[in-house]
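Okay, structure first, notes after.
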Amino acid sequence: MKKTLLIVSLMAGVASVFGQGAINWGNNTGGRSPIYGPDPSNPSASLSGQSSLGSPAGTNVYGGPLLQGTGFTFDVWAGTTAATEGSLVLIAETTFRTSANPAALPAGLVNGGTTTVPGVTAGQNAHYEIRVWDNKGGTLPTWAAAQLAGNTAMGESAILTSAALGGSLTDGTPVSNPSTVFTSFNIAGAVPEPTTFALAGLGAAALMIFRRRNK
């Protein structure tokens, strides 16, 4: 009996050590990818790609400001390489750094960290995605709430594949933690539904008719 308990205990210990691989998350690790707000001249436009502030630097020009402060939430969602967007799970969450100059770093960046990815062991790859939104002063605390609201600026990276996650392999070989590497993107406002445009058009037409009748 004691031997069985010892074996079970050892197996549990091994599972805890090798159960999940780790990843360094953020947008200033393994490269720098600032995230931007909506373009005031075209709030519904979504843009992705490195800007001159990125590392490596790119040529994309964003019309919106760099995101900063606690009013914008930065999520990391991850899972196995078989996971689709709907089956990724939240592994990390934070808000943005601030800068006296809204056009200068560290605005657009977050203080990242290290966390594990459920269901993915050290040495295996993982899928991950970055999701960012305007949390409306904390009233939209989750990605699902922001989606449901339908009137807030949101943005996300592509679903990416990590390098082998860090930790220790079953033979004890250590593996360094990879980083979440992606390109810059902006958050964009909600695009009105076609019915909204139709109602707006009908309202404008009715207003014009009313004004003509009262001339």
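Each reported figure results from applying straightforward, stated rules to the coordinates on display, with no laboratory input. Quick caveat: nothing in here was measured; it's all calculated off a predicted structure. So basically every Cβ, Gly included, is an ideal-geometry build from the backbone, and we count neighbours across all protein chains shown.
Miscellaneous remarks
- The modelled label-to-label distance between residue 114 and residue 45, using points 7 Å beyond Cα along the C-beta direction, is 4.1 nm.
- Computed from phi, the 3J(HN,Hα) profile of the stretch 130-145 under the Karplus parametrisation 6.51, -1.76, 1.60 (θ = phi - 60°) reads 9, 10, 9, 7, 7, 8, 6, x, x, 7, 10, x, 10, 4, 4, 5 Hz, with x in place of Gly and Pro.
- For residue 188, the amide hydrogen comes within under 5 Å of the amide hydrogens of 154, 155, counting only partners 5 or more places away or on other chains and with H modelled in the peptide plane.
- Under-5 Å amide H pairs with residue 135, H placed in peptide plane, nonlocal only: 72, 73
- Backbone HN-Hα couplings from phi across the stretch 113-124 [Karplus 6.51/-1.76/1.60, Hz, Gly and Pro as x]: x, 10, 8, 9, 10, x, x, 10, 8, 4, x, 9
- Total formal charge among the other residues, if their Cβ is under 15 angstrom from that of residue 78, Lys/Arg +1 and Asp/Glu -1: -4
- Summary of packing: across the peptides 27-36, 158-167, 48-57, 73-82, the per-residue average of other C-beta atoms within 10 Å ranks them, highest first, as 27-36, 73-82, 158-167, 48-57.
- Evaluated at q = 0.14 Å⁻¹, the base-10 log of the normalised Debye intensity for the stretch 14-213, with identical point scatterers placed on the Cα atoms, takes the values -0.83.
- Amide H contacts of residue 98 (H built 1.01 Å from N, under 5 Å, at least 5 apart or other chain): 69
- Fewest-first ordering of 182, 96 by other beta carbons within 10 Å of each residue's beta carbon gives 182, 96.
- Projecting label points 7 angstrom from Cα along Cα→Cβ for residue 57 and residue 181 puts them 2.0 nm apart.
- Full-stretch length increase - residue 161, residue 90 - with 0.36 nm per residue and alpha-carbon distance subtracted: 24.0 nm
- Working note: Karplus 6.51/-1.76/1.60 with θ = phi - 60° gives the stretch 56-68 the couplings x, 6, x, 10, 5, 10, 9, x, x, x, 5, 5, 7 Hz, where Gly and Pro are set to x.
- Approximating the spin labels as points 7 Å out from Cα along Cα→Cβ, the residue 100-to-residue 139 distance works out to 3.3 nm.
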